[in-house]
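The values are calculated or read from the model by the stated rules, or taken from the named source; none is laboratory data. Computed from a prediction, not measured in an experiment: that's the story for all the values here. Glycine also receives a Cβ, built like all others from the backbone with ideal geometry; neighbour counts cover every protein chain displayed.
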Amino acid sequence: MTGRVLALSGGIGGAKLVLGLSRILPADELIVVANTGDDFEHLGLAISPDLDTLMYTLAGLADEAQGWGLAGESWGFMEMLGRLGGESWFRLGDRDLAVHVERTRRLRDGTPLTRVTADLCKTLGLGVTVLPMSDDPVRTRLETDEGWLDFQDYFVRRHCEPRVVRLEYRGADQARANQAVLAALGDPALRAVIVCPSNPWLSIAPILAVSGMRKAIAACAAPVVAVSPIIGGRAVKGPTAKIMAEIGLVPNAAIALACYEGLLDAVIVDPVDASDPGAYGVHVATADTLMATLADKTALAARTLDVAQAVPLAR
């Protein structure tokens, strides 16, 4: 089966599946739509954490142990910044810093984020298309028991400790969906849409909140398949299960995937979560969703594409 595959992804968890997809698809057949709700300005620089994680992962440059940043990084800048009493809570490696400086320069010159990202990907040797969900700013914010926090304050500075009450995606209703994403979704030859196992509220919901995005996915002619980020009531990484419990949801795969109601034709869950397939409301397939090795990532990617090829449209 041929045709392009479009994947919606956040950072670490989503990037694992994206890497697997990149190993079995020709580079020009994979489009990755990245969450930019995590983006923020820090030390005067435009930081795009999920875009960078995807770029570094696909380029084979990522620090796999910590899941973000560059392997073999040096930290002279941060050490000196801390010595000077600067804000060192968000760590920027020396080579990583160069990406942020160049992105900031280009954006201030008026270049859209999509163009900047494409040029960075080309420089890093990527053939895969990586697209921000929008060139307009969208910012994920969380109301917590300590008040409203910007995403990076919650996630990095406060280590996800505050209790979450609700979330908002500021600017999403005014933001214009990336036109290249909409064009791909409208292509009748599109092979599949894959919702990667990223945090539904922090990574995928900001993408879906952008004006017109959910409607375009619902209307696309390709099967839409989501991979669960929850295994046996727990998130592999990150605060997905914690946030679910705090906003009054039982942390399980079916409820996590219910965020995508009306968009999906199939879901892929770990076998431990498949005892009640009727809870999902769409076709349920199983696979080992814990991606510890490259072989795991590639196998799950292949399974996801097989499911997409076989499942009838249910929307």
Could you run through the range 1-50 and say how many residues are under 15 Å from PRO137 (Cα atoms), more than 9 Å from the chain's Cα centre (by Cα) and in a loop (DSSP other than H, G, I, E, B)? 4
Can you find a residue that is under 17 Å from the mean Cα position of the chain (by Cα), surrounded by fewer than 19 Cβ atoms within 10 Å (Cβ to Cβ) and either in contact (Cβ under 8 Å) with a residue 40 or more places away in the chain or in a helix (DSSP H, G or I) (or both) anywhere in the range 296-314? no
Within the range 158-173, restricting to residues that are in contact with a strand residue (DSSP E or B) (Cβ under 8 Å, 6 or more places away or on another chain) and part of a loop (DSSP other than H, G, I, E, B), the one that is surrounded by the fewest Cβ atoms within 10 Å (Cβ to Cβ) is ASP173
Residue within the range 198-221 that is under 22 Å from PRO271 (Cβ atoms), in contact with a Leu (Cβ under 7 Å, 6 or more places away or on another chain) and among the β-branched types (Val, Ile, Thr) present: no
Determine the pairs where a residue that is loosely packed, with under 11 Cβ neighbours inside 10 Å, located within the range 65-88, has a partner that is at pLDDT 95 or above and assigned to a loop (DSSP other than H, G, I, E, B) with Cβ atoms under 8 Å apart, the partner being 6 or more residues away or on another chain. GLU87/LEU43
Residue count for the range 29-51, restricted to those that are under 22 Å from MET213 (Cα atoms) and of a type outside the set (S, T, N, Q): 13
Condition first: in contact with a Phe, Trp or Tyr (Cβ under 9 Å, 6 or more places away or on another chain), surrounded by fewer than 16 Cβ atoms within 10 Å (Cβ to Cβ) and more than 26 Å from ALA180 (Cα to Cα). Can you find one or more residues in the range 33-42 that meet it? yes
Scanning the range 101-138 for residues that are in a helix (DSSP H, G or I), surrounded by fewer than 20 Cβ atoms within 10 Å (Cβ to Cβ) and touching an Asp or Glu at 6+ places or on another chain (Cβ under 8 Å) gives ARG106, THR114
For the range 144-155, give me each residue that is touching a residue at least 12 places away in the same chain (Cβ under 8 Å) and surrounded by fewer than 17 Cβ atoms within 10 Å (Cβ to Cβ). ASP145, GLU146, ASP150
Just wondering, is there one or more residues in the range 13-22 that are over 21 Å from ARG214 (Cα atoms) and of a type in the set (Lys, Arg)? yes
ILE243 vs (1) out of contact with any Phe, Trp or Tyr (no Cβ under 8 Å at 6 or more places or on another chain); (2) on the phi < 0 side of the Ramachandran plot: all pass except (1)
Is the range 278-289 home to any residue that is exposed (fewer than 13 other Cβ atoms within 10 Å of the Cβ) and assigned to a helix (DSSP H, G or I)? yes
